[in-house]
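First comes the structure, then the notes that go with it.
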């Protein structure tokens, strides 16, 4: 028999004469012993017929309608990820779908390619592993250095001098025993270098590399050619950005991605990344980027879809660049 219940994020507050049920909005109901019994049933999960044993059918219909209006109810479900590290994440998925297990299963089945396992790539990887993504292709040519440890948390002192790809693979396998990780110890300089990925189905390619200066464009070109979703991100001293997240629908709309369109800059700019870094700002940008990736993988439209989001670290203002085919629009939100 079908049962319904409150979502885990619903709050019930007993006042003197009323009960406040709070979710996306608040619903106030006159307090009574009967209503409290109904609320207890909804906390545990109950069939509609049981509610009718407490209050008249018209009142049941009215109550369910009001609770649905604040998105407070969900069909009762069994958490199939009990005793796993993602167990509590399933309750977070309640806000997106009536079948949290299905969303988690989608994440497990996805394969993510990450280009660059430094400050951005490492934190993105941490978030994806924590969220339950199990399949990866990791691409980096570098070795861990001591100065990486202020922001690259997948590594430790024992990692210094070792390949970032092998250390990152080990990090994944410590948390996700049944993961599938493919590594390439390669430096990516152009879209042609990404032909090493040609034989693999990939759900999204994440650019977290910062060299050469046009690396985002090169990875975008490869993604567009193969119709693979793409996202990029990076940061400096005063600001950081992530996005746009583009996919085959974006490519069909002829949305172009170009970080630098001045030919003189392209010719003479060395593109060396700044040395200054701190873990806090790096984690903010990388975690927001990872959150958008996760939403996309469970087929929910992320904020960074066809948008580049930039954050000013000094005043916490956001600059949003919208990609719309040939024209790009800007707007600022605080």
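The values are calculated or read from the model by the stated rules, or taken from the named source; none is laboratory data. All figures in this text were calculated on a predicted structure; none of them were measured in a lab. Neighbour counts run over all protein chains shown; Cβ positions are idealised from the backbone, glycine included.
Annotations for the structure displayed:
- Residue 141 vs. criteria touching a strand residue (DSSP E or B) at 6+ places or on another chain (Cβ under 9 Å) and farther than 12 Å from residue 208 by Cβ: yes
- Number of positions in region 152-161 that are in contact with a strand residue (DSSP E or B) (Cβ under 8 Å, 6 or more places away or on another chain) and part of a helix (DSSP H, G or I): 0
- Put simply, of 203, 210, 142 the only residue that is within 22 Å of the chain's Cα centre (by Cα), under 21 Å from residue 273 (Cα atoms) and touching a residue at least 12 places away in the same chain (Cβ under 8 Å) is 210.
- The set of residues from region 77-91 being out of contact with any helix residue (DSSP H, G or I) (no Cβ under 8 Å at 6 or more places or on another chain) and surrounded by 13 or more Cβ atoms within 10 Å (Cβ to Cβ) comprises 84, 87.
- Any hit, region 205-215, residues being assigned to a helix (DSSP H, G or I), in the same structural domain as residue 309 (by TED's automatic domain parsing) and crowded, with 16+ Cβ neighbours inside 10 Å: yes
- Some residue of region 53-67 being more than 26 Å from residue 15 (Cβ to Cβ) and touching a strand residue (DSSP E or B) at 6+ places or on another chain (Cβ under 8 Å): no
- Selected residue (only one of 189, 149 is surrounded by fewer than 17 Cβ atoms within 10 Å (Cβ to Cβ), over 23 Å from residue 131 (Cα atoms) and out of contact with any strand residue (DSSP E or B) (no Cβ under 7 Å at 6 or more places or on another chain)): 189
- The strands (runs of 3 or more DSSP E) found wholly in region 64-145 and carrying at least 1 residues that are closer than 30 Å to residue 166 by Cβ, outside the structural domain of residue 42 (by TED's automatic domain parsing) and at pLDDT 95 or above occupy 111-115, 135-139.
- Here residue 64 fits the description: crowded, with 16+ Cβ neighbours inside 10 Å, farther than 30 Å from residue 174 by Cβ and in contact (Cβ under 8 Å) with a residue 60 or more places away in the chain.
- Whichever residue in region 217-228 is more than 12 Å from residue 114 (Cα to Cα) and touching a strand residue (DSSP E or B) at 6+ places or on another chain (Cβ under 7 Å) and, among such residues, is surrounded by the fewest Cβ atoms within 10 Å (Cβ to Cβ): 228
- Residue satisfying condition, being more than 15 Å from residue 144 (Cβ to Cβ) and in contact with a helix residue (DSSP H, G or I) (Cβ under 8 Å, 6 or more places away or on another chain), within set 196, 182, 188: 188
- Residue count for region 162-179, restricted to those that are over 27 Å from residue 146 (Cβ atoms) and assigned to a helix (DSSP H, G or I): 0
- Exactly one residue out of 50, 14 is free of Cβ contacts under 8 Å to residues at least 24 places away in the same chain and surrounded by 16 or more Cβ atoms within 10 Å (Cβ to Cβ): that is 50.
- Filter pass, residue 254 being assigned by TED's automatic domain parsing to the domain that holds residue 280, out of contact with any strand residue (DSSP E or B) (no Cβ under 6 Å at 6 or more places or on another chain) and on the phi > 0 side of the Ramachandran plot: yes
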